[in-house]
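Participant: Got a structure here, written out as structure tokens. Questions coming.
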Amino acid sequence: MALKSFTAECEALRNIRHRNLVKIITVCSSIDTSGNDFRAIVYEFMPNGTLEGWLHADKDDQAEQRHLDLLERVTILLDVAYALDYLHNQGPAPIAHCDVKSSNVLLDVDMVAHVGDFGLARIFIDGSSYPQQSTSSMGFRGTIGYAASEYGAGNMVSTNGDIFSYGILVLETVTGKRPTDSGSRQGLSLREYVELSLDDRTSEVIDLRLSLDLENALQTTDDSPYRKKIDCSASLLRLGISCSQEIPSSRMSTGDIIKELHSIKVSLLSIP
């Protein structure tokens, strides 16, 4: 399995170049002191770690004080959307990443997001974004909580599966809740939890740190910044819900995702 993952990652990265994908420095293949095969891919160092580290910092970690405001979160999500659009539509051949999640979103010194870990990637050598023939034959795709629902039914991989995972990533980024942690959601999935609270209780489901920002905006005499941020938060949650629809064909395209996120970002930038 490790060899297949390594081979898939090398194959996926061989011909792709994009600002929002991790940059490969070199590849190592050798034998360790015990006579076992040793293989490694060396990537560009990302000093700001992962999106997961910012959203779910350990309580004992000094990084707990790190905080992403709403605009920063939208910018990161837009970077990831650009990466997926390139992989699905603009590269030498369509590629399904198959493991989009917060721990695979790496942040450089300028907080620009880069998608990494192509160990489960599937390349569609016939030029189609639908699952017919590919260079890899590995089994289950993705990570529990992020993996597209159709994968659990044994369906083959498609780029639509990445969109589902991206939708869960959006919901995680806005709510600050892991998709696998249902303890505070009465057993509901993250998507169900958000869907039940959307619109009329938006302020209750977003990340507590974002809620504090909203409360600060509400302290001013002009409440328009507060209303704009609430509207933008709700738009993000609706985007996450739309991307994680059960039926693959009902999910948004990367182009529409980018347009929606760009509109939300422009709205946030207009707040004084």
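Participant: Going highest first, how would you order 235-244, 159-168 by mean Cβ packing within 10 Å?
Facilitator: So the peptides 235-244, 159-168, ranked by packing, come out 159-168, 235-244.
Participant: Once amide H atoms are built 1.01 Å from N in the peptide plane, which residues 5 or more positions from TYR43, or in another chain, come under 5 Å H to H?
Facilitator: Those qualifying (amide H under 5 Å, at least 5 residues apart or on another chain) are ILE25.
Participant: I'd like the Karplus ³J(HN,Hα) series for the stretch 72-86: coefficients 6.51, -1.76, 1.60, θ = phi - 60°, whole numbers in Hz, and an x wherever there's a Gly or Pro.
Facilitator: Running phi through 6.51 cos²θ - 1.76 cosθ + 1.60 with θ = phi - 60° gives 4, 5, 5, 4, 5, 5, 5, 4, 5, 5, 4, 4, 5, 4, 5 Hz.
Participant: Follow-up. So, with +1 on the Cβ of K and R and -1 on the Cβ of D and E, and no other charges, what is the size of the charge dipole of the stretch 180-261 about its Cα centre, to the nearest 20 debye?
Facilitator: 200 debye
Participant: In whole Hz, with x marking every Gly and Pro, tabulate ³J(HN,Hα) for the stretch 223-232 from phi via Karplus 6.51 cos²θ - 1.76 cosθ + 1.60, θ = phi - 60°.
Facilitator: For the stretch 223-232, the Karplus-derived couplings read 8, 5, x, 4, 5, 5, 5, 5, 4, 5 Hz, x marking Gly and Pro.
Participant: What is the calculated FRET efficiency for GLU246 to LEU71, with r their C-beta to C-beta distance and R₀ = 35 Å, to the nearest 0.05?
Facilitator: 0.70
Participant: Each residue of the stretch 198-204 in turn: what ³J(HN,Hα) in whole Hz from Karplus with 6.51, -1.76, 1.60 and θ = phi - 60°, glycine and Pro shown as x?
Facilitator: Result, rounded to whole Hz: 5, 6, 7, 10, 4, 5, 7.
Participant: Also, I was wondering about something else. Cα centroid distance between the stretch 225-245 and the stretch 178-205, in Å?
Facilitator: 14 Å
Participant: Stretch ASN36-ASP200 to full length: gain in nm at 0.36 nm per residue minus the Cα-Cα span?
Facilitator: Residue separation times 0.36 nm, minus the Cα-Cα distance, leaves 53.3 nm.
Bear in mind that the values in this text are calculations on the coordinates, not laboratory data. Worth saying up front: this structure is predicted, and the values here are computed from it rather than measured. FYI the Cβ positions are ideal-geometry reconstructions off the backbone, even for glycines, and counts take in every protein chain you see.
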